[in-house]
Amino acid sequence: MTVRSRLWRHGWLVATDFPLEELDEHLAAEGSLVWLDLCLAGGGDVAELERLAAELGLDPHAVEDAVAPGERPKATRHAGHNFVSVYATSLRQRERGYESRLVTSRISAFVLPRGLVTVRRDDRFDIDEVVQRWQEDPDLLACGPGALVHGLLDVVVDGHFETIQQLDDAVEELEDVLFAEDSQAQQVQRASYQLRKELVQLRRVVLPMREVVSGLMRAGSHGEGQPPVMSGYFEDLYDHVLRAAEWTESLRDMIGSVFETNLSLQDSRLNTVMKKLAGWAAVIAVPTAITGWFGQNVPYPGFSSAFGLWQSVVLIVVATLGLYLLLRQRDWI
């Protein structure tokens, strides 16, 4: 288990990576703000987390949610603290097959009156970016743990936007392939299926963020709501969350339209092929009928003479060319 920590007093950074034995003292000091990060990557020591939770008085159910796999994004209130669980997202490079490229990393947070404890099950989320976001506005840290929570969620939501933008670009590329002359239906179907699968997984972590942010706006750090200074920041964050949710909904409609359009184009191409085949079959039937007529075993004008041969040739050329021009004029071939 990897442990990182920061200590601010009145918005100014005074200590980094302090011993855990000093955690209670720092949390009790007036004007202090503490951040503690626990990364459980590679099979972290859950017992150590439970011991720390007992010292801080964290709710056992919240601790269980922090380490359990598959928990949904949520924000809940407990006695003395709030619990937040969110997912950061990213996309891997394009892979073959139908596997989803979406990568999610869960971050759980215990919001205390004077601190924030984050728990990560893996190290795929760049926590240094969150620290950098906090350092960009040190005066905001004087507002308490709400500033830490806002910085964390702001980075997570920015990651959602980046992932959605990449999916949007992939949909536009798919649209270009869809209407190309040499487009392959199987390629479009595979890409559509993969994008729909990734979007379904993304919606599961993006849409609940509305309830997470709105719950934090009402509850604040420990039940009294956000400070007036932080309210504007959380309002702006909530607006970003709504935009991300609306964007994912529009992408779902776009992918559905691409899938349906691909099926319609396949039917249209099949009809065109069948029409051309029927036209050429009619053209080929003309010389077949004429040669069959002249091949019958009964006398006819020009029978057993060169005149009969040239007569059949002229009929084949004139009838075939006339039928070809007629079908060509009606765009059948």
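Quick note: the coordinates plus some simple rules give every number you see, no bench work behind them. Computed from a prediction, not measured in an experiment: that's the story for all the values here. Glycine also receives a Cβ, built like all others from the backbone with ideal geometry; neighbour counts cover every protein chain displayed.
For residue 22 paired with residue 214, estimate the spin-label separation in nm (one decimal), with each label point 7 Å from Cα along the Cα-to-Cβ line.
Each label point lies 7 Å from its Cα, and together they span 4.2 nm.
Given labels modelled 7 Å from the Cα in the Cβ direction, how far is it in nm from residue 46 to residue 306?
10.1
How long is the gain from residue 246 to residue 54 if the chain were fully straight, where each residue apart is worth 0.36 nm and the alpha carbon distance is subtracted?
Extra length from residue 246 to residue 54 when fully extended: 65.1 nm.
Give the residue from 49, 38, 155 lying farthest towards the positive end of the charge dipole for the chain; charges sit on Cβ (+1 for Lys and Arg, -1 for Asp and Glu) and the dipole is referred to the Cα centre.
Sorting the options by dipole projection puts first 155.
Residue-wise, which Karplus ³J(HN,Hα) couplings in Hz belong to the stretch 146-155, taking 6.51 cos²θ - 1.76 cosθ + 1.60, θ = phi - 60°, and x for glycine or proline?
Working through the residues one at a time gives x, 5, 5, 5, 4, x, 5, 5, 5, 5 Hz.
For the chain, what is the charge dipole size about the Cα centre, in debye to the nearest 20, if Lys and Arg each add +1 at the Cβ and Asp and Glu each add -1 at the Cβ?
2200
Using the Karplus curve 6.51 cos²θ - 1.76 cosθ + 1.60 with θ = phi - 60°, what ³J(HN,Hα) values do you get for each residue of the stretch 231-245, in whole Hz, with x for Gly and Pro?
Per residue, the Karplus-derived 3J(HN,Hα) values read 4, x, 5, 6, 4, 5, 5, 5, 5, 5, 5, 4, 5, 5, 5 Hz.
Scattering from the C-alpha atoms of the stretch 2-265 alone, worked out with Debye: what is log10 I(q)/I(0) at q = 0.12, 0.13, 0.14 1/Å?
Listed by q, the Debye log ratios stand at -0.74, -0.83, -0.93.
Once the piece of chain linking residue 313 and residue 176 is laid out straight, how much longer is it, given 0.36 nm per residue of separation minus the C-alpha distance between them? Walk me through the numbers before you get to the answer.
Details: separation 137, 0.36 × 137 = 49.32 nm, distance 4.87 nm.
In short, 44.5 nm is gained.
What number, rounded to the nearest 500 deg cm²/dmol, is the helix-based mean residue ellipticity at 222 nm of the chain, given -39500 (n - 2.57) per DSSP H run of at least four residues and division by all its residues? Don't skip to the answer; put the middle values down first.
On the way: 9 runs with 193 residues, N = 333.
-20000 deg cm²/dmol, from helical runs alone.
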